[in-house]
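The block underneath contains the structure these notes are about, expressed in structure tokens.
The values are calculated or read from the model by the stated rules, or taken from the named source; none is laboratory data. Computed from a prediction, not measured in an experiment: that's the story for all the values here. Here Cβ is always computed from backbone atoms with ideal geometry, including for glycine, and neighbour counts include all displayed protein chains. When the accessible area is computed, the model is the full protein with side chains, heavy atoms only, and any ligands, DNA or RNA have been set aside. Shrake-Rupley method; radii C 1.70, N 1.55, O 1.52, S 1.80 Å.
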Amino acid sequence: MASDGDAAAPLLTPSGDNDDEPRRRRNMFAFGCATLASMTTILMGYNLALMSGAQLFVREDMGLSDAEIEVLAGSMNVFMLASILAAGWAADTLGRRGTIVLANAFLMAGALAMSLGATYAALMAARFVTSVGVGFARVVAPVYNAEISPASTRGVLTSLLDMFVNVGILLSYVSNYAFAGLPVHLGWRVMFAIGAVPPVFLAAAVLAMPESPRWLAMRGRHADARVVLARTSDSAEEADLRLEEIKHAVAEPHDAGGGVWRELLFRPSAMVRRILATVIGLQFFQQASGIDAIVLYSPLVFKKAGMASNTSVLGATIAIGVVKTCFILVATLLSDRLGRRPLLLASTGGMAVTLTSLALTLLVASPPSTASAAACVASVMAFVAAFSVGLGPTTATK
């Protein structure tokens, strides 16, 4: 890290070549911090999607009904509401880093509880514990990334979250497939138990990260905040500028946030109304698109379409996870070049066509056959590709 004196010395050539190496080191440090924070969302994706394959074995092992399986699989989205609402308070009280560590602790405890659960009530309680960790990670990781990242790489670093969530989903499909050959009473428990290992190492690694400079400034630790900013900014001047902006924001009256909410809810201007309609509409239609149903219930869909073997079904879900992750990369590469709006339009059009194709396939697949199963898998793969290239990742960056 270059010192302030070095930054002030007129050693740079007109092209700034002498500062390239220190700048790269600072960018790599910020990238490492953002990556560690974002990796917790791998566990979020893993735990959300693991039930898609595990439910095939949980139902048989514990004798659960379809309704009980549906509640168990979908309950996490409801349980997460409590932890999401509490995440802001936890991040301000414990710090961003401390909250991420706490999230990993809940994820580890939830995974262990799921693997050891002997009753339906125990499994529901375990899902609640897991949802607390998922909610904390989903809220605090992007906050940490935004606060630690320099302006030049903030867009890239904050986009890591969607990528890692999809990596977690893919890993859950791989886990379903890898342990499907174990005895029914053991296989699904191993799938969940595996998820208890990464949080231990992630929590230890997160403790090696610096705290968010904004949180340090909120605690009056301006010198510590300046040290972190010097390691994550492109220059000493940018570090000083970011610190001044943070100090100014922290010093604003505490009721400023209430004024923002009053403006949003009670006295929105025409421009604010348009922004609210766009943001809320996009978020609503993202969830109403059926993506969660595909992620959680694609194995059941494939079985209905004619796949008899659990191995074939779970292998097909891996292919879907690969397609979903690859098209997230495509969206990342194209979003700045083509713009978000064209990707959203192409995405929603493709999703409408592919969901219609899936519905027609299931409707006419009587009796189910190999051809209908192949058509079903192709429709689902096309659907997740269309979702991942537009409505999935660009909604967060619109």
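Roughly what percent of Cα-Cα pairs across the range 43-133 reach past 23 Å? Present the calculation step by step, with values, prior to reporting the outcome.
Values: 1003 of 4095 pairs.
Tail of P(r) above 23 Å: 24 percent of Cα pairs.
What accessible area, in Å² to the nearest ten, does a 1.4 Å probe give for Val140?
Surface accessible to solvent at Val140 totals approximately 0 Å².
Provide the three semi-axes, in whole Å and in decreasing order, of the ellipsoid equivalent to the range 114-195 as defined by the square roots of 5 times the Cα gyration tensor eigenvalues.
Equivalent ellipsoid of the range 114-195: 33, 17, 6 Å, largest first.
Solvent-accessible area of Phe179, probe 1.4 Å, all protein chains present, reported in Å² to the nearest ten, please.
Accessible surface of Phe179 is approximately 50 Å².
Using a probe radius of 1.4 Å on heavy atoms only, what accessible surface per residue do you get for the range 173-222? Whole Å² is fine. Could you put the intermediate results ahead of the total?
Numbers: 2230 Å² over 50 residues.
Per residue, the range 173-222 has an accessible area of 45 Å².
Between Pro368, Phe29, Ala178, whose Cα lies farthest towards the positive end of the dipole of the chain when Lys and Arg beta carbons carry +1 and Asp and Glu beta carbons carry -1, centred on the Cα centre?
The one lying farthest along the dipole's positive direction is Pro368.
For an R0 of 22 angstrom, estimate the FRET efficiency from the Cβ-Cβ distance between Leu116 and Leu182 and round to the nearest 0.05.
Approximately 0.85, to the nearest 0.05.
Any chance you could tell me what percent of the C-alpha pair distances in the range 329-373 go past 12 Å?
Above the 12 Å cut-off, the range 329-373 has 68 percent of its Cα pairs.
Along the range 186-196, what does the Karplus equation 6.51 cos²θ - 1.76 cosθ + 1.60 (θ = phi - 60°) give for ³J(HN,Hα), rounded to whole Hz, x for Gly and Pro?
The phi angles translate into 10, x, 5, 5, 5, 4, 6, 4, 4, x, 8 Hz.
Can you give the charge dipole size of the range 27-209 about its Cα centre, rounded to the nearest 20 debye, using +1 on the beta carbon of Lys and Arg and -1 on the beta carbon of Asp and Glu?
On the way: 7 positive and 8 negative charges, 82 e Å.
Rounded to the nearest 20 debye, it is 400 debye.
For the chain, give the percent of accessible area contributed by carbon and sulfur heavy atoms, probe 1.4 Å, rounded to a whole number.
69 percent
How large is the charge dipole for the chain, taken about the Cα centre, if only the Cβ atoms of Lys, Arg (+1) and Asp, Glu (-1) carry charge, to the nearest 20 debye?
Dipole size: approximately 680 debye.
How big is the chain by the Kirkwood estimate over distinct Cα pairs, in Å?
23.0 Å
When the helix-only estimate is applied to the chain (DSSP H runs of n ≥ 4, each -39,500 (n - 2.57), divided by the residue count), what is the mean residue ellipticity at 222 nm, nearest 500 deg cm²/dmol? Intermediate results must be reported in sequence, preceding the final value.
Values: 18 runs with 323 residues, N = 398.
Rounded to the nearest 500, the figure is -27500 deg cm²/dmol.
Compute the acute angle (0 to 90°) between the alpha-carbon long axis of helix 236-251 and the principal axis of greatest extent of the alpha-carbon atoms of the chain; round to the nearest 10°.
So the inclination is approximately 80 degrees.
Taking +1 at the Cβ of each Lys and Arg and -1 at the Cβ of each Asp and Glu, which of Ile148, Leu202, Ala118 sits farthest along the dipole of the range 108-223 towards its positive end, judged by Cα position relative to the Cα centre?
Ile148
Keeping every protein chain in place, order Val228, Val71 by accessible area at 1.4 Å, biggest value first, i.e. largest first.
Largest accessible area first, the residues go Val71, Val228.
Tell me, what is the per residue accessible area of the range 13-103 in Å², probe radius 1.4 Å?
Here the per-residue accessible area is 42 Å².
Determine ³J(HN,Hα), in whole Hz, for all residues of the range 345-353 in sequence, where each value follows from phi through the Karplus function 6.51 cos²θ - 1.76 cosθ + 1.60 and θ = phi - 60°; x replaces Gly and Pro.
5, 5, 5, 5, x, x, 5, 4, 5
Taking R0 as 30 Å, what FRET efficiency do you get between Val200 and Val227 from their Cβ-Cβ distance, rounded to the nearest 0.05?
Given R0 = 30 Å and the Cβ-Cβ separation, E is 0.60.
For the range 269-397, what does the accessible surface come to per residue with a 1.4 Å probe? Please give it in Å².
49 Å²
Per residue of the range 299-304, in order, report the coupling 6.51 cos²θ - 1.76 cosθ + 1.60 (Karplus, θ = phi - 60°) as ³J(HN,Hα) in whole Hz, putting x for Gly and Pro.
Along the range 299-304, the couplings run x, 5, 5, 5, 5, 5 Hz.
Project the alpha carbons of the range 27-209 onto their principal axes and report the range along each, largest first, in whole Å.
Per principal axis, max minus min of the Cα coordinates gives 53, 31, 24 Å.
So for the range 136-243, considering every pair of alpha-carbon atoms, how many percent are separated by more than 15 Å?
Cα-Cα pairs in the range 136-243 separated by more than 15 Å: 72 percent.
Determine the gain in length on full extension of the stretch Val272-Ser369; use 0.36 nm per residue of separation and subtract their C-alpha separation, reporting nm with one decimal.
The span from Val272 to Ser369 would gain 29.7 nm if fully extended.
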